[in-house]
Amino acid sequence: LSSAVQYYQAALQRWEQLGSPGPWANTLNGLGVVYYLQGKYDQASQTLEEALAKTRRAGDLRVEAFVWASLGDLHRDQGAYERAQQAYTQALEIADRSRIAFIQTYATCGLGNIARLQGNLAHAASQLNHALGLADQHGSGYETSLCHTSMGILAGEAGDLKAARRHLDLAVERFLAGGF
């Protein structure tokens, strides 16, 4: 990840020179995600907020949807569930308007995970089943695997270890088949 930071920072310098806010925002989103994965939440938040500002200036809805989804992940892992829910909802609204299939599934799955973390298992199951339906419509093994992973965690928390194992095995199987 430290090498990725260096590459992203080099790319940021190039986008700044070219004055291209859309790709600049996309690169900031990638850098913010790397900071998030490194556990550098303050840097991640600052970088993602900067990405959001740039993407709004560029009018690039695709990148904006991805940034909102990244912010949802960050807020979720910080325990700020309402902020995460707002971010995923924003990502989903943009994805629905712009027909960004991956973010439709990802944000819906994110909303399901937030519901689970807040203890609303029935709503979590509903959201995750909806996300799985979207993944199936999109024909994406990766999206399907993300949904099955979340559904496995939900089933495990609900005490249904048989269903948890089935979902997690499906996720692993599809991730492997896709080379992930």
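The values are calculated or read from the model by the stated rules, or taken from the named source; none is laboratory data. Just so it is clear, the structure is predicted and the values come from calculations on it, not from any experiment. Ideal geometry is used to build each Cβ from the backbone, glycine not excepted, and the neighbour counts take in all protein chains shown. Ligands, DNA and RNA are stripped out before the accessible areas are found, and what is left, the full protein with its side chains, is counted by its heavy atoms. Shrake-Rupley method; radii C 1.70, N 1.55, O 1.52, S 1.80 Å.
Figure note: His138, His75, His130 ranked by solvent-accessible area, largest first, 1.4 Å probe, ligands and nucleic acids not counted: His130, His138, His75. With helices as the sole contributors, the chain gives -29000 deg cm²/dmol at 222 nm; each DSSP H run of n ≥ 4 counts as -39500 (n - 2.57), and the sum is divided by every residue. Normalised radius of gyration for the chain, please: alpha carbon Rg relative to 2.2 N^0.38 Å, two decimal places. Normalised Rg, Cα atoms only: 1.06. Per the Debye formula on identical point scatterers at the alpha carbon atoms of region 16-56, with no solvent, log10 I(q)/I(0) at q = 0.20, 0.34 Å⁻¹ is -0.51, -1.03.
Applying both filters, DSSP loop and at most 16 other Cβ atoms within 10 Å, to the trypsin sites (Lys or Arg not before Pro) of region 36-93 gives Lys40. I want to verify a result. In a Gaussian network model of the chain, Cα cutoff 10 Å, which of these has the top mean-square fluctuation: Leu161, Leu92, Leu111? In this elastic network of the chain, the residue with the biggest mean-square fluctuation among Leu161, Leu92, Leu111 is Leu161. In order along region 90-102, phi translates into HN-Hα couplings of 4, 4, 5, 4, 5, 5, 5, 5, 9, 6, 9, 4, 4 Hz, rounded to whole numbers, per the Karplus curve 6.51 cos²θ - 1.76 cosθ + 1.60 with θ = phi - 60° and x for Gly and Pro.
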